[in-house]
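Asks: This is the structure, below, for whatever I ask next.
The values are calculated or read from the model by the stated rules, or taken from the named source; none is laboratory data. These numbers come from a predicted model, not from an experiment. Here Cβ is always computed from backbone atoms with ideal geometry, including for glycine, and neighbour counts include all displayed protein chains. Heads up: the accessible areas ignore ligands, DNA and RNA and are worked out on the full protein's heavy atoms, side chains in. Shrake-Rupley method; radii C 1.70, N 1.55, O 1.52, S 1.80 Å.
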Amino acid sequence: NTAKMILNKDYVVGEVDKRIYGSFIEHLGRAVYGGIFEPNHPAAGKTGFRRDVAEMVKELQVPIIRYPGGNFVSGYNWEDGVGPVDKRPKRTELSWAAIETNAVGTNEFCTWAKEAGADIMMAVNLGTRGADAARNLVEYCNHPEGTYWSDLRKLHGYAKPHNIKTWCLGNEMDGPWQIGAKTAQEYGRLACETAKMMKWVDPEIELVACGSSGSGMPTFGQWEATVLENTYEHVDYISLHTYYGNADNDIKNFLARTLDMDAFIKAVAATCDYVKAKKHSKKKIKLSFDEWNVWFHSNEEDRKIERWSVAPRQLEDVYTFEDALVVGGMLITLLKNADRVKIACLAQLVNVIAPIMTENGGSAWRQTIFYPYLHASVFGRGTVLNSIIKSPKYDSRDFTDVPCIDAVAVVSEDNKEITIFAVNKDTEEDITLDIELNGFGTFGVTKHIILESSDIKASNTKENPNNVVPSDNGNASVEDGNVKASIKSLSWNVIRLR
Ligand code: AHR
């Protein structure tokens, strides 16, 4: 079984915006409380944040983190989370039926993100609040001093502005589950007026309008068109969200879902360009895939959660090896669309559908999905090549002609390295991948990392955190000027050339 990948130095898709390796922390479950923040933990620093967790975030080189939601943001009063901690109100949090203590808010999170080396993508509440609260938050975060909100920030102990550059205009406003959900027309008008005011406060910021919560939403397509018709000249990105699951245990179909993700991206890009044409605009709207992941393992458990508890175990998916393959495929899909997708956030980062898990008072460990995310974030920066791939194909329940080899190549920022990411979706056969490189001069294989497992349902747990870990055991080598590698059945591969 063989597949061929043809690369040419001059055939490129586009530059990788490092923000496609972003992630997401929501005030949900144990993401904040008991995740990144646990003042009584032995690894906690002076500010109450766990250093061991921050170290793992740094290892991932997460460039930007979306905050504070998610569904949470649509009921959030940001003012509750600033100022003296003992004066902050406890609130019923309606989207996840929990109690929010507000012990962590904007300033604490900004301090933590800085320590973890990440910028922030801040979401404003367009569910229960609106333009006024949003423009005040921009002033609080970004205005240097001498105004009510900036001076209040200084009074709260933060002399320097946080300078947050990327902002989300609400979250999933099309979803009936959203606090204060809206029709496309209602949201489009509100987003437009909010965008104008936020940019008047700080013209340097960039704004993300809410697209659909998923391509399966009944209003998908029309939602994007209406929202952009209302906001086009005032926003910079439109959002996409998707989660995949394998509840029916059909691995072939599960792995093929990346085709759905690719079609979703293409459809949203086309809708943006339709509005561009209608408006005779020169501006191109970029895509922010600001929620994506596998999510389904915890659904059953989550139905049993007691209402109104603080930081319950919620959305704590324990990821398997096969989930890591899907996450790898999704990363490849994002890279293949690097010309249009400029921001993407793996949802989420700690404990809640996350690559990093923690035990309260105990250890932190890396889930299976940590590894493809790590490899792409660390080695997948530079220029994406437009590769031609000829691969054996298969059909699954919902997809036809699914290429067994899903792969993409990235030339590093210094032009010295090429990294090929590849997944073999064939459930039985190893496939020999023959990579033809044109115009690159001479090179050798420096590493062929593989993530593989004899058990597709294997996972990493507190007791066995290193059950699924990558190795350097790949056999890629240069033969007659081409790279040849055995891409094992159901494996994630990172082939590095120099
Ligand atoms: O990431 C979990 C939830 O998924 C987010 O709060 C919401 O935006 C989406 O539905």
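Asks: Quick check on my filter: what residues within region 43-98 are open to solvent by 70 Å² or more (accessible area, probe 1.4 Å), more than 22 Å from Arg153 (Cα to Cα) and free of Cβ contacts under 8 Å to residues at least 12 places away in the same chain?
Replies: Of everything in region 43-98, those that are open to solvent by 70 Å² or more (accessible area, probe 1.4 Å), more than 22 Å from Arg153 (Cα to Cα) and free of Cβ contacts under 8 Å to residues at least 12 places away in the same chain turn out to be Arg51, Glu55.
Asks: When the residues of region 180-218 are filtered to those that are polar (S, T, N, Q) and within 23 Å of the chain's Cα centre (by Cα), which remaining residue is farthest from Gly70 (Cα to Cα)?
Replies: Residues of region 180-218 polar (S, T, N, Q): 183, 185, 194, 212-213, 215.
Those still in the list that are within 23 Å of the chain's Cα centre (by Cα) too: 212-213, 215.
Details: Ser212: 13, Ser213: 11, Ser215: 17 Å.
Once the filter is applied, the top-ranked residue is Ser215.
Asks: Related question: Scan region 208-216 and tell me whether some residue there is closer than 19 Å to Gly130 by Cα, among the β-branched types (Val, Ile, Thr) and out of contact with any strand residue (DSSP E or B) (no Cβ under 9 Å at 6 or more places or on another chain).
Replies: no
Asks: So Ile120 ticks every box in (1) more than 16 Å from the ligand (Cβ to nearest atom); (2) open to solvent by 20 Å² or more (accessible area, probe 1.4 Å); (3) more than 22 Å from Pro84 (Cβ to Cβ) but one. Which box is left unticked?
Replies: (2)
Asks: Here are some conditions: (1) under 29 Å from Asn249 (Cβ atoms); (2) touching a residue at least 12 places away in the same chain (Cβ under 8 Å); (3) part of a helix (DSSP H, G or I); (4) away from the ligand (no atom under 16 Å from the Cβ). Val318 meets all but one. Which one does it not meet?
Replies: Failing condition for Val318: (3).
Asks: Here's another thing I want to ask about it. Quick check on this structure: which one of Leu331, Leu325, Leu346 is buried (at least 24 other Cβ atoms within 10 Å of the Cβ) and under 29 Å from Asn102 (Cα atoms)?
Replies: Answer to the check: Leu346.
Asks: For region 173-188, what are the residues that are within 16 Å of the ligand (Cβ to nearest atom) and not charged (D, E, K, R)?
Replies: Matches in region 173-188: Met173, Gly175, Pro176, Trp177, Gln178, Ile179, Gly180, Ala181, Tyr187.
Asks: Might you check whether a residue that is aliphatic (A, V, I, L, M), touching a residue at least 60 places away in the same chain (Cβ under 8 Å), under 22 Å from Asn293 (Cβ atoms) and within 16 Å of the ligand (Cβ to nearest atom) occurs anywhere in region 203-218?
Replies: Checked against the condition, which is being aliphatic (A, V, I, L, M), touching a residue at least 60 places away in the same chain (Cβ under 8 Å), under 22 Å from Asn293 (Cβ atoms) and within 16 Å of the ligand (Cβ to nearest atom), region 203-218 yields at least one hit.
Asks: In addition: Tell me which of these Asp426 doesn't satisfy, since it passes every other one: (1) over 23 Å from the mean Cα position of the chain (by Cα); (2) open to solvent by 50 Å² or more (accessible area, probe 1.4 Å); (3) in contact (Cβ under 8 Å) with a residue 24 or more places away in the chain.
Replies: (2)
Asks: Of the residues that sit in region 282-300 and are away from the ligand (no atom under 15 Å from the Cβ) and loosely packed, with under 15 Cβ neighbours inside 10 Å, which one is farthest from Arg66 (Cα to Cα)?
Replies: It comes out as Lys282.
Asks: Looking only at region 458-484, count how many residues are without any contact (Cβ under 8 Å) to a residue 60 or more places away in the chain, of a type in the set (A, V, I, L, M, F, W, C) and buried (at least 16 other Cβ atoms within 10 Å of the Cβ).
Replies: 1
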